[in-house]
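K.L.:
Have a look at this one before I ask anything.
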Amino acid sequence: MNQLSGLTICADISHLPTCVLSTWEVAALCESLCSELLDDKASRVLRMFFYAITVSGWQEIRDSVLAWKDRDQDRSVIVYVGTDHALTEPAALEMMQSEGIDLRIMEEYQGIYHPKVVWLEGEDVNMVWVGSNNLTKAGLRQNIEFAVLVRSSEVPVSLCKWAEEVHNASTQLKASDIKSYRNERKKYVDNRAEAKVSTFTWSKKKEPAIASLSGLTGEVLIMEITPKETGANGNQIQVPLKAAIEYFGIGSSKGSVLSIDLSEPDGSHLRNLTMTVFGNSTVRISVNELDYSDRPCLIVFKKNGGTRVSFEIVSQSISPRRYTNLLAMCHHRTRRGSRNWIIADLPAP
């Protein structure tokens, strides 16, 4: 028995800590879910929302889920699964679908689909597990995770709205979807080994139309960021000299410098930086918010008068529609093999 912030926690080495309070409990997700499914007699719908699913993860709860479903022909299991970062295994999707699980794959959304939620719907009692666990063996058995089970006679309106929006952003999984995802995932894994790509975005993911209207407007410099940049963290980028001269007004000779006050679009994280012309016809600048995991991405610079410059990072994995539209505009290249860029006017939303 351990005391943690006034809570009594019972634990052993076989699973994660569990403590029971009046309305909720910290749960070992796998054991808790399987136990409740075994005892449940009234619920009709089991919904699961997971960022990542693997074969080994599904096998940890498979027997309990299928046994619960088979005890009543009116029961259904609906799983909303993501493909971000290529962690979900195509074989897991095929296995679950072949066993009668209603699989819905996320398609129309912005950002990363990242939930770990299980909702057992009943007329009198609803049980909702919320945690850090993915539906993987590591997430259920090996990692240090945290999950909470909430029991409620009523379902909050906010939960219903959230679940409805996730449902609307997903589509029924088809065999062609699995084939597409498998092929693109394999290509990503192969290219990652050669440092050609840093992150994965399934081509069928599409950003909601309204989301593509966000970001900077007016005359901007849009520049492609290659998968591998300089600097220990990948935050030092190389601006083509021609682009830096035309947009920022830096001198063309080697050693020329220009001081700018760089910030995010809302003016936050303001800091003074010095742009320097190097001998390889590039201008180097560090953007601390940029990381290898953002790639492939674009960066949009906007002058705001004087030395003030704001920027926006447009990652393909976060904003696929905006990324695609902006990249299509970038047709300038200083030389063969260099990155794409353009100085253009972006309309206001």
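K.L.:
Quick check on my filter: what residues within region 294-308 are touching a helix residue (DSSP H, G or I) at 6+ places or on another chain (Cβ under 9 Å) and surrounded by fewer than 22 Cβ atoms within 10 Å (Cβ to Cβ)?
P.N.:
Listed by number, the residues that qualify are Pro296, Val300, Lys303.
K.L.:
Next question, about the same structure. Hey, can you tell me all the residues within region 185-205 that are touching a residue at least 60 places away in the same chain (Cβ under 8 Å) and not small (Gly, Ala, Ser)?
P.N.:
Arg185, Tyr188, Val189, Val197, Thr199, Phe200, Thr201, Trp202, Lys204, Lys205
K.L.:
Go through region 154-174 and count every residue that is under 18 Å from Val130 (Cα atoms), outside any helix (DSSP H, G or I) and in contact (Cβ under 8 Å) with a residue 12 or more places away in the chain.
P.N.:
Taking region 154-174 first, the residues under 18 Å from Val130 (Cα atoms) are 154-167.
From what is left, the residues that are outside any helix (DSSP H, G or I) are 154-156.
Within this subset, residues satisfying the condition of being in contact (Cβ under 8 Å) with a residue 12 or more places away in the chain are 154-155.
Result for region 154-174: 2.
K.L.:
While we're on this one: Exactly one condition in (1) free of Cβ contacts under 8 Å to residues at least 40 places away in the same chain; (2) within 30 Å of Ser315 (Cα to Cα) is not met by Lys69; state its number.
P.N.:
(2)
K.L.:
Take region 43-58 and flag every residue that is over 17 Å from Val150 (Cα atoms) and touching a residue at least 60 places away in the same chain (Cβ under 8 Å).
P.N.:
Hits for region 43-58 are Arg44, Phe50, Tyr51, Ala52, Ile53, Thr54, Ser56, Gly57, Trp58.
K.L.:
Between a residue in region 252-266 that is modelled with pLDDT of 95 or more and any residue that is loosely packed, with under 10 Cβ neighbours inside 10 Å, which pairs come within a Cβ distance under 6 Å, given they are 6 or more apart or on different chains?
P.N.:
From region 252-266, the pairs are Asp261/Asn272.
K.L.:
May I pose another question? Restrict the check to region 294-301 and report whether at least one residue is acidic (Asp, Glu) and in a strand (DSSP E or B). Spell out the reasoning first.
P.N.:
Kept after step one, since they are acidic (Asp, Glu), are these residues of region 294-301: 294.
Going one step further and asking which of them are in a strand (DSSP E or B), we end up with none.
No, because not a single residue in region 294-301 is acidic (Asp, Glu) and in a strand (DSSP E or B).
K.L.:
Something else now. Please go through region 173-198 and give me each residue that is at pLDDT below 90 and either hydrophobic (A, V, I, L, M, F, W, C) or in the same structural domain as Glu108 (by TED's automatic domain parsing) (or both), ordered by number.
P.N.:
Matches in region 173-198: Ala193, Ala195, Val197.
K.L.:
Could you identify the single residue in Glu164, Glu123, Glu154 that is more than 24 Å from Ile61 (Cβ to Cβ), among the acidic types (Asp, Glu) and more than 22 Å from the chain's Cα centre (by Cα)?
P.N.:
Glu154 is the lone residue from the list that is more than 24 Å from Ile61 (Cβ to Cβ), among the acidic types (Asp, Glu) and more than 22 Å from the chain's Cα centre (by Cα).
K.L.:
So Thr274 passes all but one of these: (1) free of Cβ contacts under 8 Å to residues at least 24 places away in the same chain; (2) in a loop (DSSP other than H, G, I, E, B). Which condition number does it fail?
P.N.:
Thr274 satisfies all of (1) free of Cβ contacts under 8 Å to residues at least 24 places away in the same chain; (2) in a loop (DSSP other than H, G, I, E, B) except (2).
K.L.:
Before we move on, is Arg284 under 29 Å from His114 (Cβ atoms), outside any loop (DSSP other than H, G, I, E, B) and of a type outside the set (A, V, I, L, M, F, W, C)?
P.N.:
Working: under 29 Å from His114 (Cβ atoms): no; outside any loop (DSSP other than H, G, I, E, B): yes; of a type outside the set (A, V, I, L, M, F, W, C): yes.
So Arg284 does not fit the description; no.
K.L.:
Continuing with the same structure: Return the residues of region 1-54 that are in contact with a Leu (Cβ under 9 Å, 6 or more places away or on another chain), at pLDDT 55 or above and assigned to a loop (DSSP other than H, G, I, E, B); say none if nothing qualifies.
P.N.:
Leu21, Ala27, Ala28, Asp40, Ser43, Tyr51, Ala52, Thr54
K.L.:
Within the group Ile260, Ile237, Ile250, which residue is crowded, with 18+ Cβ neighbours inside 10 Å, more than 25 Å from Asp291 (Cα to Cα) and β-branched (Val, Ile, Thr)?
P.N.:
Values: Ile260 fails: more than 25 Å from Asp291 (Cα to Cα); Ile237 fails: more than 25 Å from Asp291 (Cα to Cα).
Checking each option against the conditions leaves just Ile250.
K.L.:
Here is a check on your reading of the model: is Leu120 assigned by TED's automatic domain parsing to the domain that holds Leu37, out of contact with any Leu (no Cβ under 7 Å at 6 or more places or on another chain) and not acidic (Asp, Glu)?
P.N.:
no
K.L.:
Moving on to the next point. Report, ordered by the first and then the second residue, all pairs with beta carbons closer than 9 Å, sequence separation of six or more or different chains, a first member in region 310-323 that is assigned by TED's automatic domain parsing to the domain that holds Glu108 and in contact (Cβ under 8 Å) with a residue 24 or more places away in the chain, and a second member that is assigned to a helix (DSSP H, G or I) and surrounded by fewer than 21 Cβ atoms within 10 Å (Cβ to Cβ).
P.N.:
none
K.L.:
I'd like to check something: does region 90-103 contain any residue that is surrounded by fewer than 20 Cβ atoms within 10 Å (Cβ to Cβ) and in contact with a Ser or Thr (Cβ under 7 Å, 6 or more places away or on another chain)?
P.N.:
Yes, region 90-103 contains a residue that is surrounded by fewer than 20 Cβ atoms within 10 Å (Cβ to Cβ) and in contact with a Ser or Thr (Cβ under 7 Å, 6 or more places away or on another chain).
K.L.:
Let me ask something additional. When the residues of region 119-146 are filtered to those that are among the aliphatic types (A, V, I, L, M) and within 27 Å of Thr199 (Cβ to Cβ), which remaining residue is surrounded by the most Cβ atoms within 10 Å (Cβ to Cβ)?
P.N.:
Leu135
K.L.:
Here's a follow-up. For region 280-309, how many residues are over 20 Å from Leu258 (Cα atoms) and either in the same structural domain as Tyr109 (by TED's automatic domain parsing) or of a type in the set (A, V, I, L, M, F, W, C) (or both)?
P.N.:
Of the residues in region 280-309, 3 are over 20 Å from Leu258 (Cα atoms) and either in the same structural domain as Tyr109 (by TED's automatic domain parsing) or of a type in the set (A, V, I, L, M, F, W, C) (or both).
The values are calculated or read from the model by the stated rules, or taken from the named source; none is laboratory data. Everything numeric here is computed off the predicted structure, so don't read it as measured data. Heads up, the Cβs are rebuilt from the backbone with ideal geometry, glycines too, and the neighbour counts pull from every protein chain shown.
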